[in-house]
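Worksheet: the structure to be examined is printed underneath.
The values are calculated or read from the model by the stated rules, or taken from the named source; none is laboratory data. These figures come from a predicted structure and were not determined experimentally. Cβ coordinates were reconstructed from backbone atoms using ideal geometry, including for glycine residues, and neighbour counts include every protein chain displayed. These area figures cover heavy atoms from the full protein model, side chains too; ligands, DNA and RNA do not enter into them. Shrake-Rupley method; radii C 1.70, N 1.55, O 1.52, S 1.80 Å.
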Amino acid sequence: MTAADQRFMALALEAAASADYWTSPNPMVGAVVVRDGQVIATGYHARAGEPHAEVVALQAAGEAARGADLYLTLEPCTRTGRTPPCVEAVTASGIRRCVVAMQDPNPDENGRGIAALRAAGITVEVGVGDAEARRLNEFYVKHITTGLPFVTAKFASSLDGRIATSSGDSRWITSDEARLRVQRLRHAHDAILVGANTVIRDDPNLTTRLPGGGRSPLRVVIDSRLRIPVEARIFRQESGSVLVATSDRARADRARQFEERGIQLEVFPATEGRVSLDHLFRRLGRQGVISVLVEGGGSVHGSAFDAGLVDKVVAFIAPRIIGGVESPAAVGGHGPDRLTDSWTLRDVEVARVGPDLMVTGYPVR
């Protein structure tokens, strides 16, 4: 691995990030064609069903690709899906050397593209930018290897961990800048998850509101007893669909009210009287949802942490103190008996967002 390889792979990763999550459930992939130390073409996979990154870059390079180097953030596919196998385009292009950031974790691929390139006489190097490529596609990696969506727990709290006052006032704890970052998070994820109390208390839209638009994720409400009103604003939005996850504790007459209004309702097994998040996430994974943003409230966050289902935490912390023993905390649930069994975050990043702090990390025990 040379400094030039790292530099050109960084450009390929930058190209991949240009997809901005529109490729879901496919990964974001970038490609760069280099000849005599100069970039002659770049490409990225823009949306599911459209040409893959290497095909876009090689078409742009044309005959100049013959004898050149190709930098790919993910190995080329070998199967026919909505597009032809990319490995055929690479071998036909005359590329002499291919530098791949990571193998495809898809069990149906996982090294087959790399092997096919080597069998065609192309020199292949793997691992340049591997960590960065995996982080970029952490949603895809989790889903394709486990069948479960990647789960991000997002909350906004005061410095003392409260998400509202004892009277329920929560607007707004954090700044406009922090709330804009939340809109970006919604855009990035396939689904947003909240509990019934959030809908009853705040009556949110849960839509993505970004300048220029954004993806409209599936909005999922956990309501074990169907307490939320069928007139809630979440059901009146044109963008994105809604799934109400309930349990057999819900009254039949209430269920009929939802069904009569065409609201998607699904019954899940209950754990301690609450909808089983494990069953819900498995159902979403089968549906092709590769990422879920858990927005709360505290009970839902607590259930997700208690079940060990959270992959990432994004916490917005405002420089204010709320106090009050009755003020709800950002994370409820049972929690551990011992401090040594609590969740800690690894790979922590801290950034200023307006007057607030944004803390990001990956929970481990």
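When the stretch 321-356 is examined, which residues are found to be surrounded by 15 or more Cβ atoms within 10 Å (Cβ to Cβ) and over 29 Å from Leu148 (Cα atoms)?
Ile322, Ser327, Pro328, Val353, Gly354, Asp356 - these are the residues of the stretch 321-356 that are surrounded by 15 or more Cβ atoms within 10 Å (Cβ to Cβ) and over 29 Å from Leu148 (Cα atoms).
Please work out which one of (1) within 20 Å of Gly43 (Cβ to Cβ); (2) surrounded by fewer than 19 Cβ atoms within 10 Å (Cβ to Cβ); (3) not β-branched (Val, Ile, Thr) is the condition Cys86 fails and give its number.
All conditions are met except number (2).
List the pairs whose first member sits in the stretch 97-119 and is without any contact (Cβ under 8 Å) to a residue 40 or more places away in the chain, whose second member is of a type in the set (Lys, Arg), and whose Cβ atoms are under 7 Å apart, counting only residues at least 6 apart or on separate chains?
These pairs meet every condition: Met102/Arg134; Asp108/Arg79.
In the stretch 229-238, which residues are farther than 15 Å from Glu260 by Cα and either among the charged types (D, E, K, R) or open to solvent by 50 Å² or more (accessible area, probe 1.4 Å) (or both)?
Of everything in the stretch 229-238, those that are farther than 15 Å from Glu260 by Cα and either among the charged types (D, E, K, R) or open to solvent by 50 Å² or more (accessible area, probe 1.4 Å) (or both) turn out to be Arg233, Gln237, Glu238.
Listed residues Ala31, Ala10, Ala57; which is on the phi < 0 side of the Ramachandran plot, in a helix (DSSP H, G or I), at pLDDT 95 or above and open to solvent by less than 30 Å² (accessible area, probe 1.4 Å)?
None of the others qualify; the one that does is Ala57.
I'm trying to understand the selection: among the residues of the stretch 34-76, which are under 17 Å from Asp20 (Cα atoms) and small (Gly, Ala, Ser)?
Gly43, Ala46, Ala48, Gly49, Ala53
Residue by residue through the stretch 265-290, note down the ones that are touching a strand residue (DSSP E or B) at 6+ places or on another chain (Cβ under 7 Å) and open to solvent by 70 Å² or more (accessible area, probe 1.4 Å).
Val267
Scanning for something in contact with a strand residue (DSSP E or B) (Cβ under 9 Å, 6 or more places away or on another chain), part of a helix (DSSP H, G or I) and surrounded by fewer than 24 Cβ atoms within 10 Å (Cβ to Cβ), does the stretch 96-114 turn up at least one residue?
yes
Which one is most open to solvent (accessible area, probe 1.4 Å) among residues in the stretch 291-316 that are more than 23 Å from Pro336 (Cβ to Cβ) and out of contact with any Ser or Thr (no Cβ under 6 Å at 6 or more places or on another chain)?
Top of the filtered list is Glu295.
Kindly indicate whether Gly262 is at positive phi, open to solvent by 30 Å² or more (accessible area, probe 1.4 Å) and outside any strand (DSSP E or B).
yes
For Lys312, work out the one condition from (1) out of contact with any helix residue (DSSP H, G or I) (no Cβ under 7 Å at 6 or more places or on another chain); (2) charged (D, E, K, R); (3) in contact (Cβ under 8 Å) with a residue 40 or more places away in the chain; (4) more than 21 Å from Thr174 (Cβ to Cβ) it doesn't fulfil.
All conditions are met except number (4).
Answer with yes or no whether Val331 is at pLDDT 95 or above, out of contact with any Lys or Arg (no Cβ under 9 Å at 6 or more places or on another chain) and either not acidic (Asp, Glu) or not in a loop (DSSP other than H, G, I, E, B) (or both).
For Val331, the condition - at pLDDT 95 or above, out of contact with any Lys or Arg (no Cβ under 9 Å at 6 or more places or on another chain) and either not acidic (Asp, Glu) or not in a loop (DSSP other than H, G, I, E, B) (or both) - is not met.
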